[in-house]
2 protein chains.
Amino acid sequence: MLNYSAALDLAFQALADPTRRAMVERLARGPASVSDLAQPLAMSLPAVMQHLAVLEASGLVRSQKIGRVLTCEVDPGALSLAERWINDRRSEWERRLDRLGDYLETLKTKGASNGQES
Amino acid sequence: MLNYSAALDLAFQALADPTRRAMVERLARGPASVSDLAQPLAMSLPAVMQHLAVLEASGLVRSQKIGRVLTCEVDPGALSLAERWINDRRSEWERRLDRLGDYLETLKTKGASNGQES
């Protein structure tokens, strides 16, 4: 079991390549054999297998041999991990903006009531 | 302006490093100077500047010099882009599972009504 930070390293690293993202996009629509995955990629099978190995090491994809066919599918755990990390940052950033907005509103209200008083 | 795929490459690549994620985590709580960013990292200022350059190139962070201080802040656009890509994949995967669940339910119902008929 990878620790949280190492798991994020591998997931983001795996997603930083357009071929591997295309493979995940295909697998999000359903399981596929390696040949199915390779078919739209204009790439040799060994090259596809290398990308698959990176995706498997990151936990984004898992594969199993059924008979003679290696079938791949998305493993949603690592995808959720990466999504949650980004989401947490964005939420934090937005909450900060909200607080800043509230604070500016308070200043405006104060300014207006001071104006009335003078 | 980067194209969509190149922008995702850079964003995920930038997030694939624990130091850069720590910098984004810090900046999600509010803008900071480079010295503030460097302070908890036990790293030389030039090393921090290099990580900052990667974050800036990816569009995740922007910085501006105010007087003599280089102040950095999160740029939410690239973060949203990366989040949306992952979210789209997860949604697609979940919709597929839902459809599969519905289909299995139909089979069960059919099986039950066939059972009653026989």
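Evaluate the following for A:S91: is it among the hydroxyl-bearing types (S, T, Y) and either assigned to a helix (DSSP H, G or I) or loosely packed, with under 15 Cβ neighbours inside 10 Å (or both)? For A:S91, the condition - among the hydroxyl-bearing types (S, T, Y) and either assigned to a helix (DSSP H, G or I) or loosely packed, with under 15 Cβ neighbours inside 10 Å (or both) - is met.
Taken over the stretch B:81-112, the criterion of being touching a Phe, Trp or Tyr at 6+ places or on another chain (Cβ under 9 Å) and either within 8 Å of another protein chain (Cβ to nearest Cβ) or farther than 23 Å from A:R90 by Cα (or both) is satisfied by B:A82, B:W85.
Within the stretch B:38-80, the set of residues being within 16 Å of A:R89 (Cα to Cα), at pLDDT below 95 and in a helix (DSSP H, G or I) comprises B:P76, B:G77, B:A78, B:L79, B:S80. Test A:L104 against the stated conditions and say whether it is under 21 Å from B:M23 (Cβ atoms) and surrounded by fewer than 12 Cβ atoms within 10 Å (Cβ to Cβ). It is false that A:L104 is under 21 Å from B:M23 (Cβ atoms) and surrounded by fewer than 12 Cβ atoms within 10 Å (Cβ to Cβ).
Going through the stretch B:12-31 one residue at a time, which ones are among the aliphatic types (A, V, I, L, M), more than 12 Å from the chain's Cα centre (by Cα) and crowded, with 20+ Cβ neighbours inside 10 Å? Of everything in the stretch B:12-31, those that are among the aliphatic types (A, V, I, L, M), more than 12 Å from the chain's Cα centre (by Cα) and crowded, with 20+ Cβ neighbours inside 10 Å turn out to be B:M23, B:L27, B:A28. Looking at the stretch B:4-11, can you tell me whether even one residue there is within 28 Å of A:D17 (Cα to Cα), exposed (fewer than 15 other Cβ atoms within 10 Å of the Cβ) and among the hydrophobic types (A, V, I, L, M, F, W, C)? Yes, the stretch B:4-11 contains a residue that is within 28 Å of A:D17 (Cα to Cα), exposed (fewer than 15 other Cβ atoms within 10 Å of the Cβ) and among the hydrophobic types (A, V, I, L, M, F, W, C).
Going through (1) touching a helix residue (DSSP H, G or I) at 6+ places or on another chain (Cβ under 7 Å); (2) free of Cβ contacts under 8 Å to residues at least 24 places away in the same chain one by one, B:D88 falls short only on (1).
The values are calculated or read from the model by the stated rules, or taken from the named source; none is laboratory data. If you're wondering where the values come from, they're calculated on a predicted model, not measured in any experiment. Here the Cβ is made from the backbone with ideal geometry for all residues, glycine too, and neighbour counts use every protein chain on show.
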